[in-house]
Amino acid sequence: MANKQRAIRPPSKTSIKNRNAAVKAKPAASEAGDLGDWRQATLARMRTLIIEADPEMIEERKWRKPSNGMVGVPVWSHNGIVCTGETYKAVVKLTFAQGASIPDPSRLFNSSLEGNMRRAIDIHEGEKVDARAFRALVKAAVARNGRAAKKR
């Protein structure tokens with residue numbers, strides 16, 4: 001059998017490097033296929049709160065694979081990943097990349113509490129998240145990323 005080489009795709013240019021990149025005009029949840037239910041509405045509401053907390057936030061779609069309908073996962077970043085938003089059958093999960101390092105006085109984090117890095121918020125159907133506390137959490141995550149960026 002002959003040794004075949006696979007073509008290596010060059011890395012894509014992401015908007016993380018472009019600080020002036022515009023945030024998508026439509027909510028990321030609208031790209032999530034045929035959800036059209038409470039999960040889509042919840043993800044859209046949380047996206048709005050994220051952008052309100054930091055208007056310079058960059059939103060991208062990453063990790064496109066068959067299990068997420070090839071639409072990918074919305075990722076919000078500012079000097080690094082702030083959080084991701086995923087929809088599951090029973091929850092909308094917002095995972096903060098550096099969540100363990102972020103103060104959470106309102107105790108919004110309710111998932112992935114055992115690790116050293118990430119923390120997540122699982123939102124079930126009908127649950128409401130304290131908007132003011134969530135925006136404060138996003139601002140703290142952005143500030144945490146800013147401190148880390150200065151150390152580099």
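The values are calculated or read from the model by the stated rules, or taken from the named source; none is laboratory data. None of the values given here were measured: they were computed from a predicted structure. Please note: Cβ atoms are built from the backbone with ideal geometry, for glycine as well, and neighbour counts cover all protein chains shown.
Quick notes
- Candidate set: segment 96-152, residues that are part of a helix (DSSP H, G or I) and touching a helix residue (DSSP H, G or I) at 6+ places or on another chain (Cβ under 7 Å); chosen: the one farthest from Glu52 (Cα to Cα): Ser101
- Flag for Val92 being under 21 Å from Gly36 (Cα atoms), in a strand (DSSP E or B) and touching a His at 6+ places or on another chain (Cβ under 9 Å): yes
- Hey, Glu86 on the phi < 0 side of the Ramachandran plot and in a loop (DSSP other than H, G, I, E, B) or not: no
- Out of Arg119, Arg144, one residue alone is within 29 Å of Asp37 (Cα to Cα) and crowded, with 20+ Cβ neighbours inside 10 Å. It is Arg119.
- Considered as a group, the residues in segment 83-100 that are among the hydroxyl-bearing types (Ser, Thr, Tyr) and buried (at least 17 other Cβ atoms within 10 Å of the Cβ) include one that is farthest from the chain's Cα centre (by Cα), and that residue is Thr87.
- Tallying residues that are over 13 Å from Asp122 (Cβ atoms) and of a type in the set (Lys, Arg) within segment 51-95 yields 4.
- Residue check, Thr48 hydroxyl-bearing (Ser, Thr, Tyr) and either free of Cβ contacts under 8 Å to residues at least 24 places away in the same chain or more than 15 Å from Ile121 (Cβ to Cβ) (or both): yes
- Taking the criterion of being touching a Gly at 6+ places or on another chain (Cβ under 9 Å), modelled with pLDDT under 95 and part of a loop (DSSP other than H, G, I, E, B), the residues of segment 65-78 that qualify are Lys65, Gly69, Met70, Val71.
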